Amino acid sequence: MSSAINSKYPSVDDLRTLAKKRVPAFAFEYLDGGCNEDISLARNTSEIREVQLQPRYLNNYGISSTKAKILGMEFDAPFGIAPVGLRGLIWPNSPEILAKAAHAHNIPFILSTVATMDIERASELTEGKAWFQLYNPVEDSIRNDLLDRAEVAGCPVLVLLCDVPTFGYRPRDIRNGLALPPKMSAKNILQMLGKPTWAYHTLKYGQPAFEILKPYTPAGLNLKQLGQFMDKTFSGRLNEELIKPIRDKWKGKLVLKGVASSQDTADAIRLGFDGIIVSNHGGRQLDAAQSTIHSLEEIVADYADKIEIMMDSGLRSGPDIARAIASGAKFTFMGRAFTYGAAALGTKGGEHTIAILKKQFKQVMDQLCCERVEDLPKHLIK
């Protein structure tokens, strides 16, 4: 495990800048963009950064610890790697890079149903500690098979996604004709030829594919076909009738991701979820959505002592993580930041990104004179 930081790229913004230079535009724009006019995408981060924290300089405090507990598990930092679909298209082999880094640094790694690495490989790389995010299948047989695979792989946490009742309207992806493997338009071919390192690694590791879905879907779907397949085979809609058989079958912890209201939080508690992730899908689904930090504040006010509350969407730095924890989240997740890291620095990108975030977060805790992650809410300026 490496905790060293490459001095050329000491921030996530630096990694994003380098990633943009190394990745074809159609793949980078898929990662970087939101939906419609990107209003929600921008609002998420800007409103997180309105949160202010107050130091207590004369506190008699000891050494700050970044360790955090969630769902009965202890991690070395209060953040994990969120699921990103098609991650292997953005940078070849990046799911494996990030799973290895997460395991080395003892932070959680969540694998998406539409990942380019299968459940079994994620389990192997994390020694059975990877979490699995499920897009709910329409067919009970597919659902049960995915749950069985996740259980056999040892996944301790199943994450159900509730914020994709339909696919977001994403103009960049439509213009780019996003596909897996990439659509061989003249425009996309020129983009790939212009990124020789990306092209070389794609040849080295092979064209990415929806590894988890291989038993259930034909290969080579473009964006439109993928949408049709997902609409037909997977239901983004969740209700009590769909959740109950999953809760009955799944023996591990169950988390609902995409929660944005107190009403949905109340239903999650009633339906037996162990935790929620407050999220708006990184601004990729509803451009008119409330920012995650404001959704979090409302939910924490009503349900902080009734369910374990986590958050993602809009976080880009250690101070952002501290702001979210101070606002009441017990844990946070980040997707884009880690993918920028893998795209920027390849096999070193995962550990480098974790090292940046740990150092930034620890500096905030030291500056606040805060010993424990769970004490950060005491430093929130309301």
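Any read-out appearing in this document is the output of simple, stated calculations on the displayed coordinates, not a laboratory observation. Here the structure is a predicted model, which means the values were calculated and not measured. Here the Cβ positions follow ideal geometry from the backbone for every residue, glycine too, while neighbour counts run over all protein chains shown.
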Could you state the per residue volume, in Å³, of the convex hull enclosing the Cα atoms of region 17-106?
-> 180
Sum of -39500 (n - 2.57) over DSSP H runs of 4+, divided by residues of the chain (222 nm, nearest 500) = -13000 deg cm²/dmol
Could you order peptides 42-53, 92-103, 192-203 by the average number of other Cβ atoms within 10 Å of their residues, highest first?
-> 92-103, 42-53, 192-203
Surpassing 28 Å at the alpha-carbon level, of the pairs K214/K251; K253/K382; K204/K362; K21/K232, are K253/K382; K204/K362; K21/K232
Kirkwood-based Rg to Rh ratio, the chain, C-alpha trace | 0.95
Ascending count of other beta-carbon atoms within 10 Å, so fewest first, for H352, H105 = H105, H352
What are the aspartates and glutamates whose alpha-carbon lies under 19 Å from the alpha-carbon of K359, with same-chain residues fewer than 8 places away excluded?
-> D13, D14, E74, D76, D320, E351, E371, E374, D375
Give me the net charge of L146's neighbourhood, meaning all other residues with Cβ under 13 Å from the Cβ of L146; Lys, Arg count +1, Asp, Glu -1.
-> -4
With K249 itself left out, Lys, Arg at +1 and Asp, Glu at -1 over residues whose Cβ is under 11 Å from its Cβ give 0
